[in-house]
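Note sheet for the following structure.
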Amino acid sequence: MRNIQRYKDKKVLVVGMARSGVAAARLLSKAGAKVVINDSKTAEALGDALTPLQGLDVEYALGCPAMACLEGIDAMVISPGIPDTAPFVVQARERGIYVTGELEMAYQLSSGEMVAVTGTNGKTTTVSLLGEIFRNAGRKTHVVGNIGYPYSAAGYDSADGDMFVCEVSSFQMETAETFHPRCGALLNITEDHLNRHGTMECYTQTKMRMFQNMTAEDVAVFNADDPALDACIAQVHARVMRFSRQREVENGAFVRDGVIMTRFAGVESAICPTEELYIPGPHNLENALAAACVATACAVPAQVIAHTFRTFQGVEHRIEFVRELEGVRYINDSKGTNVDSTIKAIQTMNRPTAIILGGYDKHCDFTPMVKEMLASDYIREAVLIGVTADQIERQCRENGYMHLHRAATLKDAIDQCRALSGDGWNVLLSPACASFDMFSDYEARGRIFKELVNELK
């Protein structure tokens, strides 16, 4: 454990008893902290979520606001869903209480080597791909962070030889302090989470906190095809690798004559032809190039990277084939929680498609997505659901896309898509929005979509 003394024998309040909060409480208890757990829900409402804490010396402060639990607290760990501007967080800092997030705390209390990936889109696929690469290279590997498996959970039994591949969100970086990847990748930056961060400048700078502790001994990886990242590169002190599917780069990963190549520390390696990459679409080629950079910087042999590229089948909820019925292919892209992510799904379609759009409002502009729908030969119909349905319809009509339909529920949307499509079509769930207006998270939305699709007769 890197920084056990910060928490040993200290009274630590953990706020938010979702997966990351429960895992944080367990790890802190192991580190010798006097743990107090807090959630606005009661123990009865949380139910089995608290089972991992049974038998531990943990104090419960449930069914009450966090503001009421600050007396006598030395440190506080907050879940990613809690902004660092929340009144009780501000109050805690004013009292001199050390406040951090689950990811930062887990890094402080874990052993092993760590690489990290951030960006607006592609994070989950890239860290999942890297996890397979490192496992195939013989490393004991944990894929953690924003992917849904808390760093704290894996860190509980971590050892010095372990490899952590961490998916990092902007929310998690708000409280970053000592977080220090050996290699970190920024895949892209597009408009997202402005309801929390306010401006693109603030959103970008929060992402860049991932690189703040990196040195010339480390490697920072950037997308050479995203001009928004040019200003970011100048901010890092690490060695820089770039990846590009459009041109050769001096140091990084690129495509030459249809072959994925890497170039690092003066050594050039051919990985495999792009056509052998199992996961489809130009966005997944970018994800693979980013992964090739990180793996190469960590001395993984080219043949291991190539084998993984040929065999890795992608992640759940990201352009995931569900079933084919009456010649119609149903595709679950519930991970499409913002405009740019859905644009990438649209670009992958190669058959007439009915798309399901809409959800929770993150204050994003849907115009770029609508323009991509108009430019595509395949997005023939759009069924709109959720809080953002009115906004999406308005921006569609303003830009000249008129093949619009409204649905009250996800089942209604699927039924309408089925009626609108025919043999040789796709039905694509790629909402371009978060799920919180109708579902607990994008995973629940994707699971329910698959259940409804598989129930179709």
Of all the residues that make up the range 442-457, how many are open to solvent by less than 40 Å² (accessible area, probe 1.4 Å) and either assigned to a helix (DSSP H, G or I) or within 21 Å of Ala389 (Cα to Cα) (or both)?
8
Find all pairs meeting these conditions: Cβ atoms under 8 angstrom apart; at least six residues apart or on different chains; first residue within the range 389-406 and at positive phi; second residue not aromatic (Phe, Trp, Tyr).
Gly400/Leu374
Only one of Gln391, Gln395, Gln416 is over 17 Å from Met349 (Cα atoms), modelled with pLDDT of 95 or more and either in contact with a helix residue (DSSP H, G or I) (Cβ under 7 Å, 6 or more places away or on another chain) or charged (D, E, K, R) (or both); which?
Gln395
Taking Gly258, is it more than 26 Å from Arg135 (Cβ to Cβ), without any contact (Cβ under 8 Å) to a residue 24 or more places away in the chain, touching a strand residue (DSSP E or B) at 6+ places or on another chain (Cβ under 8 Å) and exposed (fewer than 15 other Cβ atoms within 10 Å of the Cβ)?
yes
Step by step: first the residues of the range 44-81, then only those that are assigned to a helix (DSSP H, G or I) and open to solvent by less than 40 Å² (accessible area, probe 1.4 Å), then the one that is nearest to Ala25 (Cα to Cα). Which residue is that?
Leu53
Check the range 297-319 and report whether any residue there is basic (Lys, Arg), assigned to a helix (DSSP H, G or I) and at pLDDT 95 or above.
yes
In the range 1-36, residue surrounded by the most Cβ atoms within 10 Å (Cβ to Cβ) [restricted to those that are β-branched (Val, Ile, Thr) and within 26 Å of the chain's Cα centre (by Cα)]:
Val14
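Results for (1) touching a helix residue (DSSP H, G or I) at 6+ places or on another chain (Cβ under 8 Å); (2) part of a loop (DSSP other than H, G, I, E, B); (3) open to solvent by less than 40 Å² (accessible area, probe 1.4 Å); (4) touching a residue at least 60 places away in the same chain (Cβ under 8 Å), shown as yes or no for each residue.
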position: Gly148; (1), (2), (3), (4): yes, yes, yes, yes
position: Phe164; (1), (2), (3), (4): yes, no, yes, no
position: Thr175; (1), (2), (3), (4): yes, yes, yes, yes
position: Thr204; (1), (2), (3), (4): yes, no, yes, no
position: Lys207; (1), (2), (3), (4): yes, no, yes, yes
In the set Leu109, Leu130, which member is touching a helix residue (DSSP H, G or I) at 6+ places or on another chain (Cβ under 6 Å), in contact (Cβ under 8 Å) with a residue 40 or more places away in the chain and farther than 17 Å from Val294 by Cβ?
Leu109
Select, from Arg245, Arg239, the only residue that is open to solvent by 70 Å² or more (accessible area, probe 1.4 Å), within 28 Å of Gly112 (Cα to Cα) and either in contact with a Gly (Cβ under 6 Å, 6 or more places away or on another chain) or at pLDDT 90 or above (or both).
Arg239
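The values are calculated or read from the model by the stated rules, or taken from the named source; none is laboratory data. A quick note: this is a predicted structure, and the numbers were derived from the prediction, not measured. Because the Cβ atoms are built from the backbone with ideal geometry, glycine has one as well, and the counts that use them run over all protein chains shown. Side chains are part of the model used for accessible areas, which takes the heavy atoms of the whole protein and leaves out ligands, DNA and RNA. Shrake-Rupley method; radii C 1.70, N 1.55, O 1.52, S 1.80 Å.
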